[in-house]
Every structure is written in C-alpha cells, then in structure tokens.
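First comes the structure, then the notes that go with it.
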Amino acid sequence: MVIGKIHYISQAPEKGSHLTAIEKVLRSGGKWIQLRVKEQEENIVLDLAIAAKKLCTQYGAKLIVNDYPWIALKSSADGVHLGLDDMPVPEARAILGKSKCIGGTANTFEDILRRAAEGVDYIGLGPYQFTTTKKNLSPILGLEGYVSIIKEVQKAGIHIPVIAIGGIELEDIRPLLASGLHGIAVSGLLTRNNNLNEEFYVNYSR
C-alpha cells in the first residue's frame, strides 16, 4: 500500500463531530484519514469507524483506525495505527492479515529500530512540539530532532516511510519535509481550517 504524505488525525471540532471533520477534509482533497477516538466505548468507536469508512470510500481515501485492530477489521478500514503501549504489532498483524496497513508510533531512533523489526508499514514519529491533542506526551523532538533521527534512519538503510506528528502548523510543513521525512500528520491545523482546498494537498503531497 502506498503511504499517504498528508495524514489527517480526526478531531471533533467545537461544533460538529469526528465525522463532520473527516468529511470536510475529504471534500477538500484529503486522501489519508486516521480515526482517533479516545475515552469512548468501543462499540461507539466501531460505529464511527463504519461511517468513516463509507465516507472515505465515497471520496477514494484510505481509513486508518487508531488503537483498535478488531475495529479496523470489522469496519473494513485499510489499517490500524498502534502506539508504543498498544497491542504488539505481531498480534495486530495476526488479526488483520498481510493486506492491511499497520502504522506504529515512535519517539526515538531506538523506537524506529523496534518498529522496523516488528514489520510496520509506516512510522509516526513525534511529537514535533507541544500539542493538546494527546495526553502524556513523549519528549518533544523539534526540527533538529527530526533531522538527527532521519540521518540515523538513512544511515541504517531503513526505508519505512516516517511521518512527523504533533502540533504541526502550516509554517512547519516545508522545513519538516526538507529533513527527509516521507510526510506529515496534522489534526488541529485541518480541523480548525474552514478555507481548505485541494491546493493544500497538491502543494504538500509532491
């Protein structure tokens, strides 16, 4: 599976829901959506995943479910994203099979080595800077952190796509991509933006 360069991590806006936010991003040209729902019962997350998958199919986009491999399977999502303390990747692979995408979180080069050994399809490396989207943040990397880690990744001959995540704003995207990252993941940037259009995705997906 080709890994997208711009990942939207879903977030419920002040007025609306995860689904309205996802549909707004899809209408604007988004092609890689991660449904990230915290502190909700799993049956609610499943219902949201089923609805989100229908929207993504309608717009020709991929859907990744955060945390729950079995929900990804039941909703026919394209894959799952796992944090460092979530289900081990081999267990998730046993549930989802080889055709589904599995992404994994990392904060250090050592984490990347672990993820590579586990056989993930992409790595979400972060956080870039402080973000209120996620509780219990790992140490912030900043641009210098990404530059340093990507150099180590390249030196080690690791070719898994690495995605920057965590508090990324518009002015941060080009410097981050220039470091050699495959792409970026954003949440608040797109959730808050009511002037999204396809130009955003064209500019940063090359």
inquiry  = Relative contact order for region 78-189: what percent, with Cα pairs under 8 Å and sequence separation of 6 or more?
reply    = 22 percent
inquiry  = Please compute the contact order of the chain in relative form: average sequence separation of alpha-carbon pairs under 8 Å and at least six residues apart, divided by the residue count, as a percent.
reply    = 21 percent
request  = Return the whole-Å distance between the Cα centroid of region 171-188 and the Cα centroid of region 56-120.
outcome  = 21 Å
ask   = Out of residues 5 or more away from H7 or on other chains, whose amide H comes under 5 Å of its own, with H placed 1.01 Å from N in the peptide plane?
value = I184, A185, V186
query = So which chymotrypsin sites (Phe, Trp or Tyr not before Pro) in region 104-202 are both in a DSSP loop and have at most 16 other Cβ atoms within 10 Å of their Cβ?
reply = F130
query = How much of the calculated P(r) for region 6-204 lies past 23 Å, in percent of all Cα pairs?
reply = 41 percent
query = In which sequence would K62, K38, K98, K74 go, from the one with the fewest C-beta neighbours within 10 Å to the one with the most?
reply = K98, K38, K74, K62
note = Here, trypsin sites (Lys or Arg not before Pro) of region 105-203 satisfying both criteria (DSSP loop; at most 16 other Cβ within 10 Å) are K135
query = For region 66-184, with the dipole built from +1 on Lys and Arg beta-carbon atoms and -1 on Asp and Glu ones, taken about the Cα centre, which of A117, L84, S99 lies farthest toward the positive end?
reply = S99
ask   = When DSSP assigns beta bridges and you keep just the ones with both residues in the chain, what percent turn out antiparallel, to the nearest 5?
value = 0 percent
query = Taking 0.36 nm per intervening residue step and subtracting the Cα-Cα distance, what contour gain separates I50 from S148 on full extension?
reply = 31.4 nm
remark   = A correct fewest-to-most ranking of V45, V25 by other Cβ atoms within 10 Å would be V45, V25
note = Exposure-ranked with fewest Cβ neighbours within 10 Å first, W32, W70 stand as W70, W32
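Just so you know, all these numbers are worked out from the coordinates, no wet-lab data involved. A quick note: this is a predicted structure, and the numbers were derived from the prediction, not measured. As a convention, Cβ positions derive from the backbone with ideal geometry for all residues, glycine included, and neighbour counts pool all protein chains shown.
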